[in-house]
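First up is the structure itself, then whatever we jot down about it.
The values are calculated or read from the model by the stated rules, or taken from the named source; none is laboratory data. All values reported here derive from a predicted model rather than from experimental measurement. Ideal geometry is used to build each Cβ from the backbone, glycine not excepted, and the neighbour counts take in all protein chains shown.
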Amino acid sequence: MTGRTLPWIVCSLAALGLSVLWFGRTPLFGDEIGYSYTAAGWIAEHSMAPVPAGEGRGEQGMGHPALFFWLWAALMRLFGDTLATARILPTIAAAFALAGTWRLGREMGGSGETGAMAALGLLASPLFLAQAFRAMPESAHMAAVAWAFVFFIGKRRISAVLAVSAAVVFRYQGIFLVPAFLAADLLRTRRFSPKLLIWLAPGLVPLITGLLNHLVNGYFFFPTYLGASSPELQPDWLPCRIRLFAGHLLGEDFRWFPVSVALAAVFSKTLKKPAPWMVAALSLPALLYPASRLSAIAGFSVLCCVPMLQRRSVPSPGTAAALAFIAINTAFHVLIVAFAPDPGLNLFRYIIGSYPPLMALLAAGTALAGKSVSRPVWAVFLIASLSCIGAVRYPWQPDASVAGLLEARAVRRAVAAVQNPVLPDRRQMMLPALGYVNSPKPFTPGDTIHLVVTTADRFQSHRLFPEGYVPTGRLGFLWKHRGLTVEALEAVRE
């Protein structure tokens, strides 16, 4: 077994195991149903149309590039519209994301151990576990980002451009790789060449997608992204959003610990000081003052930059590209509300593409301190990060945490406990493919049905009751799980 084969075997087994054992009975929910499933279903039912153009909610795929939905639709036609079919693409993509992060960590850190650390860091991240196996393009986006960096560092420019294009196809945030790689390539070549213009090619993806949507659906960008009917910004919106996204990426789920150690190791390497002493010195503020972790990390970064500027040293092109991509991706989602102030634009999954290069940077950075430091640091970090699974929840985005998945399972159990279950404004949830019921439950006018309501998320709103039904009585609690209360309401047709 070669060093190139082992990561693929380990990552494939990890992805398959998690998909089957963890996600096998977790129903689709949130945006999986809101537009991913509905767009794929519409494509499958309309002769594999290249652009989703339905009139129902989500049947246009929110204006996103349609490749993921089209591939899912093809799988539906091949293997049937089932919950297992919905997990095929995310599982394959998750394996590629983990293997790509492993390879990227090895390229940046110079050893297989740093690659394994980077992959384990990604695997232990609660956001990765919550998002990577969902029937949405997030894991495919992460995989394309990771391999784009691998190809860039390996000076395989054409392959890197294709990978960047794939990242943009699966999530528009992949376009931020273009300025990152272009600037890093200029840093590497030290001169401009017309060959560098090839990095602009991925920009054709949103252009072509927009033109197709304009021809078929009548818009270039989906109206939501233009901030239609949005609330006014609060005076402190900028620092709040910096803490939201930068704080999550660099400080949440105990990532502040390897971030601090990596910065300390880089600082000690630059000053040629003993790494363990510097690690202890620069990690201390983060340990003592949790509320100021982001400020401490910002201060550490400045400390690292000062001696580098004095010595006129620059990071490697791969490191520079990774830092630039993470910074641009984060800054965009901090500032986007200035022109599209939609409250829905605060989801952590929008910056999930930054996870592979971040983990590779952290693994390579901590490795500079030596194995006697990096190994215990990563052991503590992995255990601490895994401890957050099921404990961290985000009320405004219940589908962005493992706790949200546990809630979805609770809903499924509650639905299975009643007869003729219906969920608010989600008639599609009656389909076996979504994992809520074993068979459709037809009903006729006058039938008494049970309406299941989750009181911990947006399904609580009265306007989301199924059309033609009104709640008439409360039957009591069916399930209570981690703060989630699922109620059964008796409802009759008006």
(request) Could you look through the range 62-88, keep only residues that are among the small types (Gly, Ala, Ser) and closer than 23 Å to Tyr172 by Cα, and pick out the one that is surrounded by the fewest Cβ atoms within 10 Å (Cβ to Cβ)? (result) Ala74
(message) Leu89 - would you say it is among the aliphatic types (A, V, I, L, M), in a helix (DSSP H, G or I) and free of Cβ contacts under 8 Å to residues at least 60 places away in the same chain?
(response) yes
(request) Identify all residues within the range 31-61 that are at positive phi, surrounded by fewer than 18 Cβ atoms within 10 Å (Cβ to Cβ) and touching a residue at least 12 places away in the same chain (Cβ under 8 Å); write none if there are none. (result) Met48
(message) Six or more apart or on different chains, Cβ atoms under 9 Å: show the pairs whose first residue is in the range 369-383 and surrounded by fewer than 12 Cβ atoms within 10 Å (Cβ to Cβ) and whose second is at pLDDT 90 or above.
(response) Lys371/Glu113; Ile383/Ala124
(message) For the range 101-133, which positions are assigned to a helix (DSSP H, G or I) and closer than 18 Å to Val169 by Cα?
(response) Gln131
(request) Counting only residues that are of a type in the set (Val, Ile, Thr), out of contact with any strand residue (DSSP E or B) (no Cβ under 8 Å at 6 or more places or on another chain) and at pLDDT below 85, give me the helices (runs of 4 or more DSSP H) lying completely in the range 236-298 with at least 2 of them. (result) 256-271
(request) Scan the range 189-203 for residues that are surrounded by 11 or more Cβ atoms within 10 Å (Cβ to Cβ) and either at positive phi or touching a residue at least 12 places away in the same chain (Cβ under 8 Å) (or both) and report the count. (result) 7
